[in-house]
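The values are calculated or read from the model by the stated rules, or taken from the named source; none is laboratory data. If you're wondering where the values come from, they're calculated on a predicted model, not measured in any experiment. We place every Cβ from the backbone using ideal geometry, glycine too, and count neighbours over all the protein chains shown. Keep in mind that these areas ignore ligands, DNA and RNA; they rest on the heavy atoms of the full protein, side chains included. Shrake-Rupley method; radii C 1.70, N 1.55, O 1.52, S 1.80 Å.
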Amino acid sequence: MGNQVEKLTHLTYAEVPTSDPTGVDQEDCPRIGVSYIFSNDDDDLEDNVVGGSEKDPNQEENYDKCNELECSVFYRDECVYEKSLSAGDLSTYSPENLLNKCKPGDLVEFVAKNQYPHWTVYVGDFQVVHLHRAEIKNDFMTDASQGRRGRIVNDVYKFKPQNSEIVVRNAMEQVGVRDRELNWRNSECFAAWCKFGKREFKIGGEIRIGKQPYSLKIQLSEKKSHILEFQSMEDLIMERRRNDQIGKNAVIQELVSHLHSEEVGTDHNAH
């Protein structure tokens with residue numbers, strides 16, 4: 001695999017690999033050459049079901065931080081997001097321990113093996129506001145975590161944050177909004193919008209025409225990386241969250257398989 005990983009180079013969004021040859025994954029989300037215009041990702045998962053089976057009661061212990069995918073996001077030449085061991089602490093904590101660390105306006109990400117990350121906004125009094133199952137809800141943090149471990153993620157996005165009072169107000173004003181009234185594709189887009197107030201996190205916040213200004217740099221190893229290009233922040237977040245859900249090892253294998261299929265096709269055409 002090492003030699004093949006070294007060959008992974010620059011892909012456009014139209015060339016993003018998919019696990020299904022039809023271009024549609026198992027959740028009916030378009031993957032090849034199509035923007036994520038009509039699809040949500042994580043927040044309709046059953047509370048106690050992961051991959052068709054009940055949640056593992058030892059889920060916290062099973063979460064593998066080493067399988068997290070380190071990556072950076074660039075808008076043209078400017079880094080607007082970074083998740084890496086060098087950029088910050090990726091340690092996770094139980095919800096009870098997080099309550100001792102959180103301040104109103106903090107963004108909290110809950111993670112678990114084989115699940116999409118779930119983002120919330122801490123609003124004080126042990127409570128968070130979050131997008132879950134197509135509704136903006138105000139819940140106790142321990143309930144919103146659903147047994148997952150979490151961490152504060154105020155600094156992964158490099159935009160200038162709004163002050164904590166505005167962040168909390170943004171979140172609380174949306175409580176009760178649901179279904180077709182929603183302006184956000186997933187929990188991360190909603191929480192980030194509350195924090196930074198940028199339209200790029202909203203559904204349709206950017207026009208998808210012309211050059212692809214966003215790039216997702218995936219760190220495959222200490223010296224090797226891979227780049228995907230996107231027309232909008234919204235599309236990029238959807239792909240990055242999918243990568244977070246399947247984990248680093250699966251992403252590398254997916255890219256290697258995509259490269260191998262291209263090499264086979266090239267050899268066949270040559271003959």
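Summary table
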read-out	value
Convex hull (Cα only) mean projected area of the stretch 93-200, reported in nm² to one decimal	6.4 nm²
Percent accessible area from carbon and sulfur atoms, the stretch 77-205, protein chains only, probe 1.4 Å	43 percent
Calculated from backbone phi, Karplus (6.51, -1.76, 1.60) coupling profile of the stretch 218-223 in Hz, x at Gly/Pro	9, 8, 7, 7, 4, 10
Calculated FRET efficiency for the pair N163/S221, C-beta based, R₀ 30 Å, to 0.05	0.15
Contact order normalised by residue count of the stretch 214-256, Cα under 8 Å, 6+ apart, percent	32 percent
Partner lysines for K195 [C-alpha distance under 25 Å; skip if fewer than 8 residues away on the same chain]	K83, K101, K103, K137, K158, K160, K217
DSSP-assigned coil residues among trypsin sites (Lys or Arg not before Pro) in the stretch 74-142, each with at most 14 further Cβ atoms within 10 Å	R76, K101, R133
1.4 Å probe accessible area per residue over the stretch 129-271, in Å²	48 Å²
Gain upon complete extension [Y75, D89; 0.36 nm per residue less C-alpha separation]	2.7 nm
The stretch 128-207: relative contact order as a whole-number percent, Cα under 8 Å and 6+ apart	34 percent
Within-13-Å neighbourhood charge of C102 [Cβ basis; K, R +1; D, E -1]	-1
